Amino acid sequence: MAAKSIISRPVYGTLSLQPGKHHLFVADAEGALAITDLASKAPAGFFANAHIIFILGNDGKHVAALQALKPAQFYQGHSFANALPRLKQTLANAHMGLRLYLAGTEGLIGQAMQAALEAGIDHTSIQTEHRGSLARRIQCVHCKGITENVTTQPATCSHCGLLLLVRDHYSRRLAAFQGVCINAEDRSEIPPAEEIFR
């Protein structure tokens, strides 16, 4: 219940067809299924003006299904960091009316949204759909380091080693949830970690 009252917490929808001449899809892992679900409702030739940027999972699934949509451009990378230069270049060269669709994990959606905001695209005009893992990208409010793919509560900061309470407060600017030291008064007090963001 508390998470619903936190207005910074991202709210995701379901990808839907948008009118436009150019369509940019950014997805990772199960986010590919959101794109193929959308494709099942799309008119013939919809993907002829589409660019898909796909971040591969460990298993390489979904590549063939995305390529079968016959997008104008298709890029696959092994990490968001690898795909970021391509995404930034695509956004920098985009024309008015580009439609942007983000699907997959919260980390992917947040970082792609961050790049879009930097390119001047308003966040309310971006389609998002969460699919796959609930793992979080967190920023330690103490050392400012970012820890990726956090699945436990509490979590250890990968930079300073503090034990962090993973908050539902989210920073769109940082594309990360906030982590606060859970045992600041007594470091010997170490609550057991539970895997809750799978």
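The values are calculated or read from the model by the stated rules, or taken from the named source; none is laboratory data. Note that the coordinates shown come from a computational prediction; the quantities given were computed from them, not determined experimentally. All Cβ positions, even for glycine, are placed from backbone atoms using ideal geometry, and neighbour counts span all protein chains on display. Each accessible area value is taken on the protein alone, full model and side chains, heavy atoms only, with ligands, DNA and RNA left out. Shrake-Rupley method; radii C 1.70, N 1.55, O 1.52, S 1.80 Å.
Tabulated data for the structure shown
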{"item": "Relative counts (whole %) of C-alpha pair distances in the chain, using bins that are 10 Å wide", "result": "9, 34, 33, 17, 6, 1, 0"}
{"item": "Listed residues R137, R131, R99, R172 arranged by accessible area, highest first, probe 1.4 Å", "result": "R172, R99, R131, R137"}
{"item": "222 nm mean residue ellipticity, helices alone, for the chain (DSSP H n ≥ 4; -39,500 (n - 2.57); rounded to 500)", "result": "-6000 deg cm²/dmol"}
{"item": "Anchor K88: aspartates and glutamates whose Cα lies under 13 Å away (excluding residues fewer than 8 positions away in-chain)", "result": "E118"}
{"item": "The chain, accessible surface, carbon-and-sulfur percent (1.4 angstrom probe)", "result": "52 percent"}
{"item": "Selection from G145, C157, L174 lying farthest towards where the dipole of the range 78-198 points positive, charges on Cβ", "result": "L174"}
{"item": "Tilt relative to the chain, helix 106-118 - C-alpha long axis, 0 to 90 degrees, to 10", "result": "70 degrees"}
{"item": "Test item: Cα-centred dipole of the range 136-195, Lys/Arg +1 and Asp/Glu -1 on Cβ, debye", "result": "440 debye"}
{"item": "FRET efficiency for H78 and L17, using Cβ-Cβ distance with R0 set to 41 Å, rounded to 0.05", "result": "0.90"}
{"item": "Accessible area in the full protein assembly, largest first, 1.4 Å probe, for S8, S125", "result": "S125, S8"}
{"item": "Neighbourhood net charge (14 Å Cβ-Cβ; Lys/Arg +1, Asp/Glu -1) for A103", "result": "-3"}
{"item": "Solvent accessible area, Å² - H169, 1.4 Å probe, full protein context", "result": "70 Å²"}
{"item": "Nearest 10 degrees, 0 to 90: helix 80-92 Cα axis against the chain principal axis", "result": "50 degrees"}
{"item": "Radius 14 Å from Cβ of T124, net charge of other residues (Lys, Arg +1; Asp, Glu -1)", "result": "+1"}
{"item": "Surface/4 of the Cα convex hull for the range 41-96, nm²", "result": "4.6 nm²"}
{"item": "Sequence of H23, H159 when ordered by accessible area, the most exposed leading, probe 1.4 angstrom", "result": "H159, H23"}
{"item": "Solvent-accessible area per residue, Å², over the chain with all protein chains present [probe radius 1.4 Å]", "result": "53 Å²"}
{"item": "Low-density loop cleavage sites - chymotrypsin sites (Phe, Trp or Tyr not before Pro) in the range 1-68, where at most 16 other Cβ are within 10 Å (DSSP)", "result": "Y12"}
{"item": "Sparse-neighbour loop sites [trypsin sites (Lys or Arg not before Pro); the range 12-75; at most 10 other C-beta within 10 Å; DSSP]", "result": "K21, K41"}
{"item": "Dipole magnitude of the chain about its Cα centre (Cβ charges: Lys, Arg +1; Asp, Glu -1), debye to nearest 20", "result": "620 debye"}
{"item": "For the chain, cysteines whose Cβ has no other cysteine Cβ within reach (under 4.7 Å)", "result": "C181"}
{"item": "Volume of the Cα convex hull of the range 22-130, divided per residue and given in Å³", "result": "91 Å³"}
